[in-house]
1. Provide the per residue accessible area, probe 1.4 Å, for the stretch 1-103, rounded to a whole number of square angstrom.
2. Report in % the part of the accessible area of the stretch 39-131 that belongs to carbon and sulfur, leaving out ligands and nucleic acids; probe 1.4 Å.
3. What is the dipole size for the chain, taken about its Cα centre, with +1 at each Lys and Arg Cβ and -1 at each Asp and Glu Cβ, in debye to the nearest 20?
4. Over the stretch 19-109, consider all pairs of different Cα atoms and compute the Kirkwood hydrodynamic radius from their mean reciprocal separation; express it in Å, one decimal.
5. Calculate the translational D of the chain in whole µm² s⁻¹ from Stokes-Einstein, where the hydrodynamic radius comes from the Kirkwood formula applied to all Cα pairs, the temperature is 20 °C and the viscosity 1.002 mPa s.
6. L80: net charge of surrounding residues, Cβ under 9 Å, Lys/Arg +1, Asp/Glu -1, itself excluded?
7. Just reorder H34, H113 by solvent-accessible area, largest first, 1.4 Å probe, all chains present.
8. Measure off 7 Å from each Cα along the Cα-to-Cβ vector at A26 and A147, then give the distance between these two points in nanometres to one decimal.
Amino acid sequence: MLTEPARAWLTAAIGDATARLPAWEAHFAAAGRHCGHDQADTARLRLLTAARADPATLTRLYRQGSSAERRAVLLALPSLVTGPEALPLVEDALRTHDTTLLAAALGPYAARHLPAHLWRHAVLKCLFTAVPVDAVAGLDRRAAGDAELARMLRDYAAERTAAGRPVPADLPRVLALTEES
């Protein structure tokens with residue numbers, strides 16, 4: 001819950017965003033300082049929505065932003081971008097070692113637009129970085145009947161077992177999803 005000063009700051013910032021005043025992007029960057037770490041994503045999402053940020057603006061904010069700002073951009077994609085034009089942002093997040101970005105990148109936008117090959121590798125990356133597969137939007141639907149994902153999962157499990165390492169707890173669940181159709 002926002003404190004009264006944070007609520008007042010956010011109200012003013014949303015006013016700037018709605019009017020598309022240049023200051024709204026500075027408010028986007030400052031959200032963590034004014035609203036606290038726990039509420040920063042919510043504040044940033046509200047600013048992006050109020051500004052009706054287009055893909056070019058989202059790309060600029062993502063490229064210039066901190067990890068927290070990048071996460072907010074990724075979380076906003078499903079409500080602000082209808083087509084695949086923001087996929088480069090998702091692909092960039094999937095290449096990082098920041099698990100918060102990985103989880104944010106695999107939301108509803110990726111479920112709709114990420115090509116199958118990249119999606120499969122992202123699911124596997126979740127398993128080996130310990131990102132819960134619950135973060136993967138549309139997992140049940142996209143994994144169902146996916147023989148290639150099943151092969152990749154079995155190979156990964158065999159590799160872990162051969163090395164004397166534990167198989168990630170989520171792997172059997174995802175493998176079972178591939179057997180459904």
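1. Accessible area per residue: 49 Å².
2. Of the solvent-accessible surface of the stretch 39-131, carbon and sulfur hold 58 percent.
3. Dipole size: approximately 200 debye.
4. 12.9
5. 122
6. Summing Lys and Arg as +1 and Asp and Glu as -1 gives 0.
7. Result of the area sort, largest leading: H34, H113.
8. 5.9
The values are calculated or read from the model by the stated rules, or taken from the named source; none is laboratory data. Everything numeric here is computed off the predicted structure, so don't read it as measured data. When we count neighbours, we look across all protein chains shown, and the Cβ atoms used for this are built from the backbone with ideal geometry, even at glycine. SASA here: full protein model, heavy atoms, side chains in, ligands and nucleic acids out. Shrake-Rupley method; radii C 1.70, N 1.55, O 1.52, S 1.80 Å.
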